[in-house]
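The values are calculated or read from the model by the stated rules, or taken from the named source; none is laboratory data. If you're wondering where the values come from, they're calculated on a predicted model, not measured in any experiment. Here the Cβ positions follow ideal geometry from the backbone for every residue, glycine too, while neighbour counts run over all protein chains shown.
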């Protein structure tokens, strides 16, 4: 298939992506410019836009695609080889020609010669991602672009949190450096530009290792304090939203009643907020962690570990999942008693649910689009039953 995609005919996340590029001075052309092939995800509305010039540039563009399964890894290997050979047939679901490279804020990374693009996944926080590359395909950095009022504050938060991590000078992790940030305006997109240590060969991995644990422990140790009142206030505020389903209102109020008893003494710390296999890679013996847009200073201790474990496991039995979370959080933070561990896990599940429920309400006015809602609700219910069984 060799379909040309146009501004007029495109919709969904791809149409928004084209509009993002237009806001950066990138025009679609019928002739000349630079040619790209379109790799479409099989399960949702998202696209990778890969240069078809061939060689290392085209192969390196596939670094934006991080497979989490063996079939996806095989597919990536095949597409990478075809792209390197300059063969768009067999993997590209369309073709696109762009006149030039995007106009980014600040000074461009030295040697910038090529870009690859990711449209972002359709949904409340969709944003365009741009991989910045040298003439030989070396990855120089990334840019995130959004015109959405719902997303712009998260790009500002990421810029702030990366600067905060830099000041902490953690010994267990590397993070991107902010090269430029433009908060945008009503008519101009927000743009965050960072460097990167990714290469064509780096890849994400699913298994939690010692490097992950060392990072989580150091980040917690350097930023730990007590007091989770802000989490409780947010939960109670959300529970009063008349658009929230009755089942979640009940969960929020019951859980908040439990956590509030320990709110002032509950340990909290800075957390990445979206700690998953696809947001970190191993570089020799050190962890490299990126995508800090959901980071916060006062999340319950263990939040990142809980988030990671739930991202890689989808067990059907919520009781078994909660039991395993209790064991793993207690093992990582051995100074916590069982009651505090259980409270931190319940508070973590609550905060995660509140974030996604609020995001969906702000975006669509209802919570129907949160596909993981039922599973997360069962986990909160299992936590509440655990507290009831303990006589609390």
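Summary table below
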read-out	value
Failed item in (1) in contact with a strand residue (DSSP E or B) (Cβ under 9 Å, 6 or more places away or on another chain); (2) surrounded by fewer than 17 Cβ atoms within 10 Å (Cβ to Cβ), with residue 210 passing the rest	(1)
Qualifying residue in the stretch 173-182 (condition: touching a residue at least 24 places away in the same chain (Cβ under 8 Å), out of contact with any strand residue (DSSP E or B) (no Cβ under 7 Å at 6 or more places or on another chain) and surrounded by 17 or more Cβ atoms within 10 Å (Cβ to Cβ))	no
Qualifying residue in the stretch 113-129 (condition: under 18 Å from residue 182 (Cα atoms), crowded, with 22+ Cβ neighbours inside 10 Å, assigned by TED's automatic domain parsing to the domain that holds residue 55 and at pLDDT 95 or above)	yes
Members of the stretch 133-162 found to be within 19 Å of the chain's Cα centre (by Cα), under 19 Å from residue 179 (Cα atoms) and not in a helix (DSSP H, G or I), listed by number	141, 142, 143, 144, 145, 146
Of all residues making up the stretch 37-71, the number that are outside any loop (DSSP other than H, G, I, E, B) and loosely packed, with under 14 Cβ neighbours inside 10 Å	2
Any hit, the stretch 85-94, residues being within 26 Å of residue 180 (Cα to Cα) and buried (at least 17 other Cβ atoms within 10 Å of the Cβ)	no
Residue 327 being in a helix (DSSP H, G or I), surrounded by fewer than 18 Cβ atoms within 10 Å (Cβ to Cβ) and either in the same structural domain as residue 258 (by TED's automatic domain parsing) or touching a helix residue (DSSP H, G or I) at 6+ places or on another chain (Cβ under 7 Å) (or both)	yes
